[in-house]
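Here the structure is laid out as structure tokens; the discussion comes afterwards.
The values are calculated or read from the model by the stated rules, or taken from the named source; none is laboratory data. None of these values were measured; they are calculated from a predicted model. Quick reminder, even Gly has a Cβ in these numbers, built from the backbone with ideal geometry, and neighbours come from all protein chains shown. For the accessible areas, the whole protein counts, side chains as well, though only heavy atoms, and no ligand, DNA or RNA atoms are used. Shrake-Rupley method; radii C 1.70, N 1.55, O 1.52, S 1.80 Å.
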Amino acid sequence: MLQRIQTVYLLVALLASAVLPYFFPLWKVDGKDFYFMSKVLYAALFGLSTALTLVSIISFKKRQHQFVLGRLNMILNLILLGLFVYRSLNLSGETPAVSEKGIGMFLPIISIVMLVLANKAIKKDEDLVKSVDRLR
């Protein structure tokens with residue numbers, strides 16, 4: 001059912017991985033904003049995360065499949081977050097090119113939190129269906 005709470009969580013995760021990266025820069029170097037489109041790897045990982053979230057929303061009838069897609073999406077966002085942390089640790093503030101970290105680096109964290117909440121709700125629904133099946 002599309003009107004479940006996990007769909008709302010998945011829609012927020014979709015928003016965090018598909019729409020917000022266009023508005024929030026990942027970091028600034030010399031006053032220029034660095035968005036995710038500047039590197040193909042970041043664009044591919046954000047795109048894959050968006051696709052996984054969209055497929056997870058669409059597959060609302062297959063809860064186990066939806067749960068697995070959520071887990072894969074969490075792993076993908078952890079990889080993306082790891083790349084951002086690695087990049088931010090390599091940005092030094094002592095060079096002439098002064099750099100700042102942007103709020104876009106935290107978008108995978110928002111996505112991960114929403115995916116965890118969605119998987120929790122999916123698991124709750126699955127347990128409810130199993131308990132009803134036991135009564136039959």
- Scope the range 22-55; condition in a helix (DSSP H, G or I) and modelled with pLDDT under 85; matching residues: 36, 37, 38
- Message: So in the range 31-71, with the set limited to residues that are touching a Ser or Thr at 6+ places or on another chain (Cβ under 8 Å) and small (Gly, Ala, Ser), which one is nearest to residue 106 (Cα to Cα)?
- Response: 49
- Message: Just to be sure I understand the filter: pairs with C-beta atoms under 9 Å, separated by 6 or more residues or on different chains, first member in the range 46-63 and touching a residue at least 40 places away in the same chain (Cβ under 8 Å), second member aromatic (Phe, Trp, Tyr) and assigned to a helix (DSSP H, G or I). Which pairs pass?
- Response: 56/67
- Task: Say whether the condition of being at pLDDT below 95, of a type outside the set (D, E, K, R) and not in a helix (DSSP H, G or I) is met by at least one residue in the range 63-71.
- Result: no
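Matching residues to (1) among the hydroxyl-bearing types (Ser, Thr, Tyr); (2) open to solvent by 60 Å² or more (accessible area, probe 1.4 Å); (3) in contact with a Gly (Cβ under 7 Å, 6 or more places away or on another chain):
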{"residue": "32", "(1), (2), (3)": "no, yes, no"}
{"residue": "38", "(1), (2), (3)": "yes, yes, no"}
{"residue": "43", "(1), (2), (3)": "no, no, no"}
{"residue": "51", "(1), (2), (3)": "no, no, no"}
{"residue": "54", "(1), (2), (3)": "no, yes, no"}
{"residue": "63", "(1), (2), (3)": "no, yes, no"}
{"residue": "82", "(1), (2), (3)": "no, no, no"}
